[in-house]
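This report refers to the structure that appears directly beneath it.
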Amino acid sequence: MATHDEQILSYLTDMDGVLVHEDQLIPGADEFLAELRANEIPFLVLTNNSIRTPRDLQARLRHTGLDIPEESIWTSALATATFLDDQRPHGTAYVVGESGLTTALHEIGYVLTDSDPDYVVLGETRTYSFEAITTAIRLIDRGAKFIATNPDATGPSRDGVLPATGSVAALITRATGKEPYYVGKPNPLMMRSALRRIGAHSQSTVMIGDRMDTDVIAGLEAGLRTVLVTSGISTKSSVEAYPFRPTMVVGSVADLVGRTRRPFADQ
């Protein structure tokens with residue numbers, strides 16, 4: 001078991017609430033990433049949102065002042081595609097989602113169809129249609145396996161919360177009696193696929209996130225040490241509501257600048 005003062009060799013970090021907040025740079029995020037690059041520490045930016053492709057997210061982050069290459073961005077759509085490619089290579093799927101998900105599935109050789117597909121794959125979208133959801137329900141009733149990119153019930157917007165993948169999955173589950181298999185956080189599968197992506201080991205990797213119920217629990221279950229930042233959803237007091245704890249709680253990633261190799265040495 002790794003001790004807290006051992007050298008850190010790689011990082012996984014959530015995006016919203018850690019690096020950016022409503023398309024605004026969180027102060028210190030640019031310095032933190034610059035230090036990782038300067039020290040040649042591999043990192044991967046994770047997001048449960050499956051709407052955008054890594055290229056789209058790269059452009060969004062660049063607009064905030066963060067220059068992160070496509071290959072350093074890992075979405076629940078990519079994790080879902082990796083999972084399906086392992087489970088049933090060159091399969092078929094009916095997709096309720098947007099370009100981030102459809103592109104990821106096309107790239108692994110999946111055929112997208114509404115004719116007797118192997119899977120119904122549900123992702124994030126801002127244009128859920130009654131027709132598409134009805135089709136998904138009927139295909140699941142006929143035997144298609146139900147997969148969802150992530151269980152998040154809501155997502156943020158400038159005007160307040162929006163229904164997200166988990167909420168629509170609940171509707172489909174209520175109609176079919178079938179629960180989906182969720183690939184994204186808090187499933188540690190997403191952490192493990194991210195670790196493989198950068199050739200990292202769990203004992204020398206840190207997961208940074210702003211949510212106890214997704215980021216911290218996923219990191220914990222995958223054997224990583226965890227840092228909770230209070231620059232997003234969680235507060236120091238909200239940590240007490242959970243039966244597990246992060247390895248460290250900090251205000252933001254700015255507090256890790258200057259100590260990325262041994263962030264826990266003084267804990």
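Laboratory data are not the source of any read-out in this text; all were calculated from the coordinates shown. For clarity, every value in this text was computed on a predicted model and none was experimentally measured. Cβ placement follows ideal geometry from the backbone for every residue including glycine, while neighbour counts extend to all protein chains displayed.
Here are some notes:
- The long axis of helix 165-176 is offset from the longest Cα principal axis of the chain by roughly 30 degrees.
- Cleavage-rule hits (GluC sites (Glu not before Pro)) in the range 69-174: DSSP loop, at most 12 neighbouring Cβ within 10 angstrom: none
- What separates the Cα centres of the range 226-267 and the range 62-124 is a distance of 31 Å.
- Those residues of the range 228-259 whose amide nitrogen sits under 14 Å from the label point placed on Glu40, 7 Å along Cα→Cβ: none
- Take the Cα of Arg138, step 7 Å toward its Cβ, do the same at Leu171, and the gap between the two points is 1.7 nm.
- Residue-count net charge about Arg174 - beta-carbon cut-off 15 Å; Lys, Arg +1, Asp, Glu -1: 0
- Cα-based equivalent ellipsoid, the range 82-182: semi-axes from gyration tensor eigenvalues, Å: 21, 16, 12
- Relative to the Cα centre, the charge distribution of the chain, modelled as +1 at Lys and Arg Cβ and -1 at Asp and Glu Cβ, gives a dipole magnitude of about 380 debye.
- Using alpha-carbon coordinates, inclination of helix 29-38 to the longest axis of the chain, degrees: 80
- Acute angle (nearest 10 degrees) that the helix 54-64 long axis makes with the longest principal axis of the chain, alpha-carbon atoms: 50
- For Lys185, Lys178, Lys145, Lys236, order by how many other beta-carbon atoms lie within 10 Å, fewest first: Lys236, Lys178, Lys145, Lys185
- Simple rule: put +1 on each Lys or Arg Cβ and -1 on each Asp or Glu Cβ in the chain, find the dipole, and look at Val253, Gly177, Ser76; the Cα lying farthest toward the positive end is Gly177.
- Burial ordering of Leu9, Leu19, Leu189, fewest other beta-carbon atoms within 10 Å first: Leu9, Leu189, Leu19
- Each principal axis of the Cα atoms in the range 16-84 has its own extent, and those three values, largest first, are 36, 28, 18 angstrom.
- Dipole-positive endmost among Leu122, Gly160, Leu25 within the chain (Cβ charges, Cα centre): Leu122
- In order along the range 95-111, the Karplus-derived 3J(HN,Hα) couplings, from 6.51 cos²θ - 1.76 cosθ + 1.60 at θ = phi - 60°, round to 10, 10, x, 10, 4, x, 7, 5, 5, 4, 6, 4, 5, 9, x, 7, 9 Hz, and Gly and Pro are given as x.
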